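Q: I'd like to ask some things about the structure below.
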Amino acid sequence: MKTDYIYQSAFAKDVAKGLTAHPKHIPSRYFYDEYGDLLFQQIMKIPEYYLTRSEFSILETDREKILKPIVDLGQKFNLIELGVGDGFKSKLLLSYLYQQHIPFTYYPNDISSNVLDLLSETLKKEFPDLSFRLIAENYFEALKKNAWRNDQPSLMIFLGSNVGNYTENETKSLLDSISASLESGDQLLLGFDLKKDPAVILRAYNDEGGVTKAFNLNLLKRINRELGADFDLDAFRHWPVYDPVTGTCKSHLVSLKEQRVFVEQLGMEVSFEMAEPIFTEISQKYSVSDVSELVEKAGFEVIEVFMDDKRYFADMLCRK
Ligand code: AVJ
C-alpha cells in the first residue's frame, strides 16, 4: 500500500513530484534560499557570467531613453519589478528617477523574502523618501494578486533574463499573465540574453571557479537540510549543455554512480541509475525577433530595443 503524505510545503511537494518523474527534475526557483542568494550574487560578479555586466551597461547608457515614455505621461506611476534580487541593476533606474524628483511608487517582487529584506534596508538608506512595497511571491502569484492595481499608469520591469528560466509554453503563459495584469498603455521592459557564440554561453554556466556548480548543487543541499535527505553532493556532476539550434541552455546534476537517497520528510527513497540526470534549470537564449514575436502574441507592441556594445544582451521596451 502506498502511504499518502500531506506535504508541509510547496517545496516538499515539488521535490516529491520532480524526483519521481522521468527524467527527474527540480524547479530552478528553489536555488534561491539564503545560501543560494549569496551564490547568485557571486555568480553575477564572475568573469564568465557576462549577463549582469552587459545589462548593467545597457541600463547605465540608456536609462534616460528607456524611462522617457513613462516619464512623458507626466503622471505619478507604478514601477513594478519582477524578480528584483539584490536590485543592483534596478537601482540605476531608481536613482535616475529619484534624482529627477519624478513621482512613482516602487513594487519590487522576488520569490526570496530573504533577498527582499536585504533590499528593503538598502533602499531606505540610499533613497530615504522612496515609497515602495515589497511583494514576496513567485511571479504567477504576484501577477494574480496584482497588489499595485490603482488608476496610475505602470511600467513593469523584468530584467536579468529571468524570463529565460521557463519552457516555451510557460514563457507564453507568463507573458500572458503579465499582459493581463497591465492596462492598455502600460509598459514592459523585458531583459533577455541573446543567442551568441555557444562557447561564451556555456562558459557562463560552467565557470572555472565552480561557483555555478555550487549553486546547482545547493538544490541537493537544501533538500538535505529542509527535507532531511542524505544526498552525497560529491556523487553528482554539474553538467550544463547548450543547444545552438533552440537557444536553450540546460543545467543538470548527473549521478556518478548507482545510488539510493532517502528523503525523510517525504517518506521516500529515491534511486538513481548510473549516469541518471536531474534536470535543474533552463536558461533560454533568444534572438530579438524571437522575443518580438512572443511579446506581440501577448498583446504588446515593441517600442524600442536596447543592446550593449557586444550585443550579448537586450532590454526590450514594449507597450500594451
Ligand atoms: C537569474 C535566471 C537569469 O539563468 O542565467 C545563473 C540564473 N543559473 N547561473 C540565468 C543562473 C546559473 C540566471 N537567472
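The values are calculated or read from the model by the stated rules, or taken from the named source; none is laboratory data. Treat the numbers as computed from the prediction; the structure is a model and nothing was measured. Cβ atoms come from the backbone with ideal geometry, glycine included; neighbour counts cover every protein chain shown.
Q: What is the one condition in (1) of a type in the set (A, V, I, L, M); (2) within 30 Å of residue 228 (Cβ to Cβ); (3) part of a loop (DSSP other than H, G, I, E, B) that residue 38 does not satisfy?
A: Failing condition for residue 38: (3).
Q: Considering only the stretch 52-78, state which residues are within 16 Å of the ligand (Cβ to nearest atom) and surrounded by fewer than 21 Cβ atoms within 10 Å (Cβ to Cβ).
A: Step one: list which residues in the stretch 52-78 are within 16 Å of the ligand (Cβ to nearest atom), which gives 52-56, 58-59.
Within the stretch 52-78, 53, 56 qualify.
Q: Please find, within the stretch 156-171, the residue that is farthest from the ligand (Cβ to nearest atom) out of those that are in contact with a helix residue (DSSP H, G or I) (Cβ under 9 Å, 6 or more places away or on another chain) and of a type in the set (S, T, N, Q).
A: The qualifying residue farthest from the ligand (Cβ to nearest atom) is 171.
Q: A further question on this structure: For residue 29, state whether it is assigned to a helix (DSSP H, G or I) and without any contact (Cβ under 8 Å) to a residue 12 or more places away in the chain.
A: On the way: assigned to a helix (DSSP H, G or I): yes; without any contact (Cβ under 8 Å) to a residue 12 or more places away in the chain: no.
It is false that residue 29 is assigned to a helix (DSSP H, G or I) and without any contact (Cβ under 8 Å) to a residue 12 or more places away in the chain.
Q: Would you point out the residue of the stretch 264-274, among those that are of a type outside the set (A, V, I, L, M) and part of a strand (DSSP E or B), that is surrounded by the fewest Cβ atoms within 10 Å (Cβ to Cβ)?
A: 269
Q: A further question follows. Would you mind finding the one in 59, 51, 93 that is in contact with a Lys or Arg (Cβ under 7 Å, 6 or more places away or on another chain), closer than 25 Å to residue 201 by Cβ and assigned to a helix (DSSP H, G or I)?
A: Answer to the check: 59.
Q: Also, I was wondering about something else. It is to be established whether one or more residues within the stretch 273-287 are more than 16 Å from the ligand (Cβ to nearest atom), touching a residue at least 40 places away in the same chain (Cβ under 8 Å) and among the aliphatic types (A, V, I, L, M).
A: No.
Q: Go through the stretch 252-293 and give me each residue that's in contact with a Phe, Trp or Tyr (Cβ under 6 Å, 6 or more places away or on another chain) and either closer than 28 Å to residue 313 by Cβ or basic (Lys, Arg) (or both).
A: Matches in the stretch 252-293: 252, 253, 286, 291.
Q: Only one of (1) modelled with pLDDT of 95 or more; (2) of a type in the set (D, E, K, R); (3) within 16 Å of the ligand (Cβ to nearest atom) is not met by residue 91, so which one is it?
A: (3)
Q: How many of the residues making up the stretch 128-139 are surrounded by fewer than 13 Cβ atoms within 10 Å (Cβ to Cβ) and either within 16 Å of the ligand (Cβ to nearest atom) or closer than 15 Å to residue 107 by Cα (or both)?
A: First, the residues of the stretch 128-139 that are surrounded by fewer than 13 Cβ atoms within 10 Å (Cβ to Cβ): 128-129, 131.
Those left that are additionally either within 16 Å of the ligand (Cβ to nearest atom) or closer than 15 Å to residue 107 by Cα (or both): 129, 131.
So the answer is 2.
Q: I've got another one for you. Listed residues 115, 84; which is within 14 Å of the ligand (Cβ to nearest atom), outside any strand (DSSP E or B) and closer than 18 Å to residue 58 by Cα? Reasoning before the result, please.
A: Working: 115 fails: closer than 18 Å to residue 58 by Cα.
It is 84.
Q: Shifting gears a bit: Of the conditions (1) crowded, with 16+ Cβ neighbours inside 10 Å; (2) over 28 Å from residue 171 (Cβ atoms), residue 277 fails just one. Which one is it?
A: (2)
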